[in-house]
Amino acid sequence: MKSLDIAIAGAGPGGLAAALFLSRAGHRVRLVERFDRPQPVGSGLMLQPTGLAALQALGLYPAMRQLGAPIDRLVGTDAKSGRTVLEVGYGPLGARPLYLGAKVEQSVRRPFSGP
Ligand SMILES: Cc1cc2nc3c(=O)[nH]c(=O)nc-3n(C[C@H](O)[C@H](O)[C@H](O)COP(=O)(O)OP(=O)(O)OC[C@H]3O[C@@H](n4cnc5c(N)ncnc54)[C@H](O)[C@@H]3O)c2cc1C
(Lines give C-alpha, C1' and ligand atoms only; values in the text may rest on other atoms or scores of the structure.)
Protein backbone atom coordinates (compact mmCIF):
# COMPACT_ATOMS: atom_id res chain seq x y z
CA MET A 1 0.00 0.00 0.00
CA LYS A 2 1.22 3.49 -0.82
CA SER A 3 2.41 5.50 2.17
CA LEU A 4 0.51 8.75 2.51
CA ASP A 5 1.14 12.09 4.24
CA ILE A 6 -1.80 12.52 6.61
CA ALA A 7 -2.66 15.48 8.84
CA ILE A 8 -4.96 14.99 11.81
CA ALA A 9 -6.51 17.94 13.64
CA GLY A 10 -7.08 17.31 17.34
CA ALA A 11 -5.29 15.18 19.94
CA GLY A 12 -8.47 13.89 21.54
CA PRO A 13 -9.04 10.16 21.87
CA GLY A 14 -10.14 9.92 18.23
CA GLY A 15 -7.18 11.83 16.81
CA LEU A 16 -4.63 10.04 18.97
CA ALA A 17 -5.99 6.60 18.11
CA ALA A 18 -6.21 7.42 14.41
CA ALA A 19 -2.63 8.75 14.46
CA LEU A 20 -1.35 5.56 16.05
CA PHE A 21 -3.28 3.24 13.74
CA LEU A 22 -2.22 5.17 10.63
CA SER A 23 1.44 5.54 11.59
CA ARG A 24 1.65 1.84 12.41
CA ALA A 25 0.13 1.16 8.97
CA GLY A 26 3.13 2.93 7.48
CA HIS A 27 1.73 6.39 6.80
CA ARG A 28 3.45 9.65 7.72
CA VAL A 29 1.17 11.34 10.23
CA ARG A 30 1.25 14.88 11.56
CA LEU A 31 -1.04 15.54 14.51
CA VAL A 32 -1.89 19.16 15.29
CA GLU A 33 -3.60 20.35 18.46
CA ARG A 34 -4.70 23.80 19.50
CA PHE A 35 -3.92 23.42 23.22
CA ASP A 36 -0.30 23.80 24.37
CA ARG A 37 -0.17 20.71 26.58
CA PRO A 38 -2.55 18.14 28.08
CA GLN A 39 -3.99 19.15 31.43
CA PRO A 40 -5.77 17.14 34.11
CA VAL A 41 -9.51 17.71 33.97
CA GLY A 42 -9.98 16.72 37.59
CA SER A 43 -12.46 13.95 37.06
CA GLY A 44 -12.54 10.23 36.57
CA LEU A 45 -12.97 8.63 33.20
CA MET A 46 -15.02 5.59 32.27
CA LEU A 47 -13.94 3.78 29.17
CA GLN A 48 -16.72 2.16 27.18
CA PRO A 49 -16.37 -1.27 25.53
CA THR A 50 -15.67 0.25 22.12
CA GLY A 51 -12.88 2.42 23.54
CA LEU A 52 -11.38 -0.58 25.32
CA ALA A 53 -11.52 -2.55 22.08
CA ALA A 54 -9.57 0.23 20.35
CA LEU A 55 -7.00 0.23 23.15
CA GLN A 56 -6.74 -3.54 22.84
CA ALA A 57 -6.16 -3.28 19.08
CA LEU A 58 -3.43 -0.71 19.72
CA GLY A 59 -1.77 -2.91 22.34
CA LEU A 60 -2.46 -0.31 25.04
CA TYR A 61 -5.03 -2.22 27.09
CA PRO A 62 -2.50 -3.68 29.59
CA ALA A 63 -1.05 -0.21 30.30
CA MET A 64 -4.53 1.27 30.68
CA ARG A 65 -5.53 -1.60 32.94
CA GLN A 66 -2.83 -0.54 35.40
CA LEU A 67 -4.41 2.90 35.75
CA GLY A 68 -7.93 1.90 36.58
CA ALA A 69 -10.29 -0.58 38.13
CA PRO A 70 -12.88 -2.81 36.50
CA ILE A 71 -16.50 -1.76 36.77
CA ASP A 72 -18.98 -4.56 36.14
CA ARG A 73 -22.17 -2.69 36.92
CA LEU A 74 -23.46 0.87 37.22
CA VAL A 75 -26.37 1.70 39.49
CA GLY A 76 -27.82 5.15 40.04
CA THR A 77 -30.55 6.08 42.46
CA ASP A 78 -32.62 9.16 43.06
CA ALA A 79 -31.14 10.82 46.17
CA LYS A 80 -34.54 11.64 47.65
CA SER A 81 -36.70 8.64 46.85
CA GLY A 82 -34.03 5.97 46.49
CA ARG A 83 -35.70 4.94 43.23
CA THR A 84 -33.34 3.26 40.74
CA VAL A 85 -32.84 5.54 37.74
CA LEU A 86 -29.91 3.76 36.10
CA GLU A 87 -28.87 0.14 36.07
CA VAL A 88 -26.36 -1.13 33.52
CA GLY A 89 -24.67 -4.50 33.77
CA TYR A 90 -21.68 -5.47 31.63
CA GLY A 91 -21.43 -9.14 32.56
CA PRO A 92 -23.42 -10.42 29.57
CA LEU A 93 -21.03 -8.66 27.17
CA GLY A 94 -18.09 -10.91 28.03
CA ALA A 95 -15.86 -12.24 30.75
CA ARG A 96 -13.41 -9.35 30.68
CA PRO A 97 -14.43 -6.25 32.68
CA LEU A 98 -15.55 -3.76 30.12
CA TYR A 99 -15.29 -0.51 32.00
CA LEU A 100 -12.35 1.07 33.72
CA GLY A 101 -12.48 4.04 36.00
CA ALA A 102 -9.16 5.77 35.49
CA LYS A 103 -7.88 8.86 37.23
CA VAL A 104 -7.40 11.37 34.44
CA GLU A 105 -4.82 13.32 36.42
CA GLN A 106 -2.76 10.18 36.86
CA SER A 107 -3.12 9.15 33.24
CA VAL A 108 -2.05 12.57 31.99
CA ARG A 109 0.97 12.70 34.27
CA ARG A 110 1.98 9.12 33.52
CA PRO A 111 1.56 8.81 29.78
CA PHE A 112 1.15 5.33 28.35
CA SER A 113 4.28 3.61 27.20
CA GLY A 114 2.77 1.51 24.47
CA PRO A 115 4.61 -1.02 22.32
C1 LIG B 1 -17.84 16.38 30.95
C2 LIG B 1 -17.57 15.21 30.04
C3 LIG B 1 -17.31 13.96 30.59
C4 LIG B 1 -17.06 12.87 29.75
N5 LIG B 1 -16.79 11.66 30.31
C6 LIG B 1 -16.53 10.60 29.53
C7 LIG B 1 -16.19 9.36 30.10
O8 LIG B 1 -16.11 9.19 31.31
N9 LIG B 1 -15.95 8.32 29.25
C10 LIG B 1 -16.01 8.46 27.88
O11 LIG B 1 -15.78 7.47 27.18
N12 LIG B 1 -16.33 9.64 27.32
C13 LIG B 1 -16.58 10.71 28.09
N14 LIG B 1 -16.89 11.91 27.54
C15 LIG B 1 -16.97 12.00 26.08
C16 LIG B 1 -15.57 12.10 25.50
O17 LIG B 1 -14.88 13.19 26.09
C18 LIG B 1 -15.67 12.28 23.97
O19 LIG B 1 -16.43 11.22 23.42
C20 LIG B 1 -14.30 12.25 23.34
O21 LIG B 1 -13.47 13.26 23.92
C22 LIG B 1 -14.40 12.48 21.85
O23 LIG B 1 -13.10 12.35 21.35
P24 LIG B 1 -12.69 13.10 20.03
O25 LIG B 1 -11.23 12.77 19.80
O26 LIG B 1 -13.65 12.78 18.94
O27 LIG B 1 -12.90 14.66 20.31
P28 LIG B 1 -12.26 15.60 21.45
O29 LIG B 1 -11.88 14.84 22.67
O30 LIG B 1 -13.21 16.74 21.57
O31 LIG B 1 -10.91 16.09 20.79
C32 LIG B 1 -10.88 17.07 19.78
C33 LIG B 1 -9.56 17.79 19.91
O34 LIG B 1 -9.41 18.62 18.77
C35 LIG B 1 -8.85 19.85 19.18
N36 LIG B 1 -9.19 20.80 18.14
C37 LIG B 1 -10.41 21.27 17.84
N38 LIG B 1 -10.33 22.12 16.81
C39 LIG B 1 -9.04 22.17 16.45
C40 LIG B 1 -8.32 22.87 15.44
N41 LIG B 1 -8.95 23.70 14.57
N42 LIG B 1 -6.97 22.71 15.36
C43 LIG B 1 -6.32 21.89 16.23
N44 LIG B 1 -6.95 21.19 17.21
C45 LIG B 1 -8.30 21.33 17.31
C46 LIG B 1 -9.46 20.12 20.53
O47 LIG B 1 -8.66 21.01 21.30
C48 LIG B 1 -9.49 18.70 21.13
O49 LIG B 1 -8.34 18.41 21.88
C50 LIG B 1 -17.12 13.02 28.34
C51 LIG B 1 -17.38 14.29 27.79
C52 LIG B 1 -17.60 15.36 28.62
C53 LIG B 1 -17.87 16.72 28.00
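Annotations for the structure displayed:
- Which listed residue, of 45, 31, is surrounded by 12 or more Cβ atoms within 10 Å (Cβ to Cβ) and in the same structural domain as residue 10 (by TED's automatic domain parsing): 31
- Subset of the stretch 29-53 [more than 10 Å from the ligand (Cβ to nearest atom), free of Cβ contacts under 8 Å to residues at least 60 places away in the same chain and part of a loop (DSSP other than H, G, I, E, B)]: 36, 37
- Note on the stretch 1-11: residues that are hydrophobic (A, V, I, L, M, F, W, C) and either away from the ligand (no atom under 13 Å from the Cβ) or in contact with a Ser or Thr (Cβ under 6 Å, 6 or more places away or on another chain) (or both) amount to 3.
- Residue 14 part of a loop (DSSP other than H, G, I, E, B), within 14 Å of the ligand (Cβ to nearest atom) and of a type in the set (Gly, Ala, Ser): no
The values are calculated or read from the model by the stated rules, or taken from the named source; none is laboratory data. All figures in this text were calculated on a predicted structure; none of them were measured in a lab. Using ideal geometry, Cβ is built from the backbone for each residue, glycine included, and neighbour counts are taken over all protein chains shown.
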